Amino acid sequence: MLIRAKRVLCVFLAALISFSLFSELSPMASDASSMTGDVSEEAYLDLDEGAKKTTKKNKPKTVSFTPPEGAELKYRAYMHGSGWDKDYTAQGKVIGKPGKSLSIEALQIDLKSDTEGKICYNTYLRGAGWTGQVEGSDLPEKVVTGKPMEKIKIYLAGDLLVKYRVYYRVCIETYGWLGWACDGFVAGNDDYGKCIEAIQIALVEREKGGKAPGNINGVVSTTGYYFKDASKIRANMIQKAQKYSSKTNYMVLVDSQYCFLGVFKGKKNHWNLVKFYLCAPGIYKIYWRGTYDLGVKSKGFYSYNSQVYWGTRIHKELWIHSITYKGHNGKTVLDGRLGGRFSHGCIRLATADAKWVYDNVPSWSKCVLYKKKIANVFRPY
């Protein structure tokens, strides 16, 4: 009887240990690429795990945030029931009303800097989807009142991306503050359908480490994020470009793995990256790799029941063009998503970015599509 009791106890302890390990190693996936079935690119901890109960003894320390010199970032929210905030809020501070179950329905961000570039953002509204990329202090094409914001992504373009990183985190109803997201990653939650009650945004300088700001201005995250290091993706693209030659002094590279498009100027072994854009490649593997010479251009065409603008042909039916719009010559955004594989095969860019490629990159320029994973691109904050 004693031997049997020991065996039962051993089995019970083994099961308990297995369950504990499984609980600790089971992440939930959520990112702009999740529709492709590749959910390994971003993950954050299950919100049901929660955080340790805060007491006076273990209360995390919070510090004020010192904005970097040379960049003035401010933002404001459109709140359910009260409209736009009267004044902008300085970076590092909170907009919205945490814990009040009042949703943010739109966002406006303004960034002033002597460094060339822009800040871009895209918001996801319940029942309406992604509303389309907004640049700088521009207002969204349409503020959809009554539709709570559930997800957001923010990123920098141009030399701003070289100098700074943009971090942002959201407070969602019921679960509180999520971890910091960065450089185009999605902040929010797919699985719970909870509205965003508050947002915090902060720039940090890459030269000073570029790390997440931590617990600033009295806010403590309840979960942690994994982030995509855009600087590593950019550096890998620059290195890869050097081995190619082009019939013009321009060349385009498209990273189908991490969804970035780079425009280079120069020549073989001396290519300089002049533009680095978040993009949306195609969902099918056949379009993820290839080397072509860019062809004819089109100011716009209707395809797959959607209108696109500023097209630059890569090969046959494969184009670089804008996000999609509703109807022939439509101006209402149909699908404004970037940062994942969302098109049938073409490379989508923000409309202004597609126009820049159309205006500046000549036909017969080399275009290289590639897909390769980079070590340690995704790291926990």
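If I stretch the segment between Ile283 and Glu207 completely, what's the gain in nm (0.36 nm per residue apart, minus their alpha carbon distance), one decimal?
Gain on extension, Ile283 to Glu207, equals 23.8 nm.
Which of the trypsin sites (Lys or Arg not before Pro) found in the range 130-222 are loop residues per DSSP with 16 or fewer other Cβ atoms within 10 Å of their Cβ?
Counting only loop positions with at most 16 other Cβ atoms within 10 Å, the trypsin sites (Lys or Arg not before Pro) in the range 130-222 are Lys142, Lys211.
Could you tell me which trypsin sites (Lys or Arg not before Pro) in the range 301-381 are loop residues by DSSP with no more than 16 other beta carbons within 10 angstrom of their beta carbon?
Hits after loop and neighbour filter: Lys316, Lys326, Lys331, Lys371, Lys372, Lys373.
Quick one: what do you get for the range 193-274 if you divide its Cα Rg by 2.2 N^0.38 Å?
1.56
Can you give me the relative contact order of the range 152-264 as a percent, contacts being Cα pairs under 8 Å and 6 or more apart?
24
Which FRET efficiency, nearest 0.05, do Asp110 and Asn329 yield, Cβ-Cβ r, R0 45 Å?
Taking R0 as 45 Å, the efficiency between Asp110 and Asn329 is 0.90.
With the cut-off at 19 Å, tell me which of the pairs Lys118/Lys355; Lys240/Lys265; Lys275/Lys331; Lys93/Lys232 have Cα atoms farther apart than that.
Pairs exceeding 19 Å: Lys275/Lys331; Lys93/Lys232.
Kindly put Met237, Met79, Met149 in sequence by how many other C-beta atoms sit within 10 Å of each C-beta, fewest to most.
Met79, Met237, Met149
What do you get for chymotrypsin sites (Phe, Trp or Tyr not before Pro) in the range 260-308 restricted to DSSP loop and a cutoff of at most 16 other Cβ within 10 Å of the site's Cβ?
When the chymotrypsin sites (Phe, Trp or Tyr not before Pro) of the range 260-308 are filtered for loop state and at most 16 Cβ neighbours within 10 Å, Tyr284, Tyr304 remain.
Given that compact globular proteins tend to follow 2.2 N^0.38 Å, what is the ratio of the alpha-carbon Rg of the range 231-374 to that value?
Normalised Cα radius of gyration, the range 231-374: 0.97.
For Asn305, what charge total do you get from the other residues with a beta carbon under 13 Å from its beta carbon, if Lys and Arg give +1 and Asp and Glu give -1?
0
No lab work stands behind these numbers, since they all come straight from the coordinates. These figures come from a predicted structure and were not determined experimentally. Don't worry about glycine lacking a Cβ; one is built from the backbone with ideal geometry, like all the others, and counts go over all protein chains shown.
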